[in-house]
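K.L.:
Mind having a look at this structure? Questions to follow.
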Amino acid sequence: MSTPVTVIGGYLGAGKTTLINTLLRQADGHRLAVLVNEFGALSIDEDLILAQEGDVISIAGGCICCTFGDNLVGAFTDLLSLSPPPDHLIIEASGVAIPSSIAATLSLVQGVTLHGTVVLLDAETVQKRARDTYIGDTITRQIETADLLLATKADLVDDGHLDILRDWLGTLTARAALLPVRHGAVPNEVVLGLPARPDTLSVRALEDHGALYSSLTLYQTAPADPHALIRAFEDSHFGTLRAKGHFRNAAQQVMELQGTGVRLTLTPASRDPVALAIVFIGLKAELDKDGITKALSPLNFHPKT
């Protein structure tokens, strides 16, 4: 069974610490493990901490936070040897790191699968920061290689500013989905693509954000071509932030799908799925349900009738 990994990056002040504390508070029974270069760079809220021993902080709900220093691969090995192992690994990259470079290290680790590179940016100041002589190049490289961009503090700017920001980001990357974050509210479902509960394919975590998010579930009616599915997903501009689910290929093998922005990961399923279906998640104002349905209908995916 492969353990999913999400890399979270962004420059100093973009909001990484706030996001990670939010993810831990909303873990909802999922055992999250947060890996940081050093504890001093990330302040876990005190009321979440149960105990600290050496390089490991135990957090309520079965989550942990640990340091990896210069040995990220070794930290992965230690975490995967735990019983039970974490449900999801989160790597918090330093403000000057390029998250995609850290993600490339995953190719050296057996038993893990990248579920996306998430980069935070301050909606109010990122364009000014990107022109900075010292950190501007790092910021643009972080953005260019992201799968999902979180524009934090979006509540501090108006819609016109967000439109300008969206256009500017479009000149840097065509692959990353953009999610404006207001008042620090963002579901774990969107950031991490956590698996659905065994009894349902519905996106329960979005219920508290019902005014912002929407989801579409398409069910498989016949075997699908994985290559055609990848092409349809990567060529799309349907406003999807996340996609996840299971489908059967022509060899009758059940595949697990995870998508972030236009990144699509396909792996053999590690368990029997609740249903052969794919869930698409996006902002209510941007998720093109008709476009997704039209694109995937020839690949044997249809709404439930």
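K.L.:
What are the lysines whose alpha-carbon lies under 18 Å from the alpha-carbon of Lys153, with same-chain residues fewer than 8 places away excluded?
P.N.:
Partners found: Lys16, Lys128.
K.L.:
What distance in nm lies between label points placed 7 Å from Cα along the C-beta direction at Asp55 and Arg175?
P.N.:
For Asp55 paired with Arg175, the spin-label model returns 3.0 nm.
K.L.:
At 25 °C and 0.890 mPa s, grab the translational diffusion coefficient of the range 1-150 from Stokes-Einstein with a Kirkwood Rh over Cα pairs, rounded to a whole number in µm² per second.
P.N.:
Taking Rh from Cα pairs, D becomes 156 µm²/s.
K.L.:
Can I ask one more? Among all the aspartates and glutamates, which ones have a C-alpha under 19 Å from Lys289's C-alpha, if same-chain residues fewer than 8 places away are not counted?
P.N.:
Filter leaves Glu189, Glu207, Glu234, Asp235.
K.L.:
Full extension from Arg31 to Ala250: what is 0.36 nm times the residue separation minus their Cα-Cα distance, to one decimal in nm?
P.N.:
Roughly 75.4 nm would be gained on extension.
K.L.:
Can you return the aspartates and glutamates within cross-link range of Lys304? Criterion is Cα-Cα under 16 Å, with same-chain partners fewer than 8 residues away left out.
P.N.:
Candidates past the 8-residue exclusion: Asp290.
K.L.:
Given the alpha-carbon gyration tensor of the chain, what are the semi-axes of its equivalent ellipsoid in whole angstrom, ordered largest first, with each equal to the square root of 5 times an eigenvalue?
P.N.:
Numbers: eigenvalues 169, 124, 63 Å².
Taking √(5λ) for each eigenvalue gives 29, 25, 18 Å, largest first.
K.L.:
Kirkwood hydrodynamic radius of the range 204-300 from all distinct Cα pairs, in Å?
P.N.:
13.6 Å
Only the coordinates and a few stated rules stand behind these numbers; no lab work does. Quick caveat, the model's predicted, so the values are computed rather than measured. FYI the Cβ positions are ideal-geometry reconstructions off the backbone, even for glycines, and counts take in every protein chain you see.
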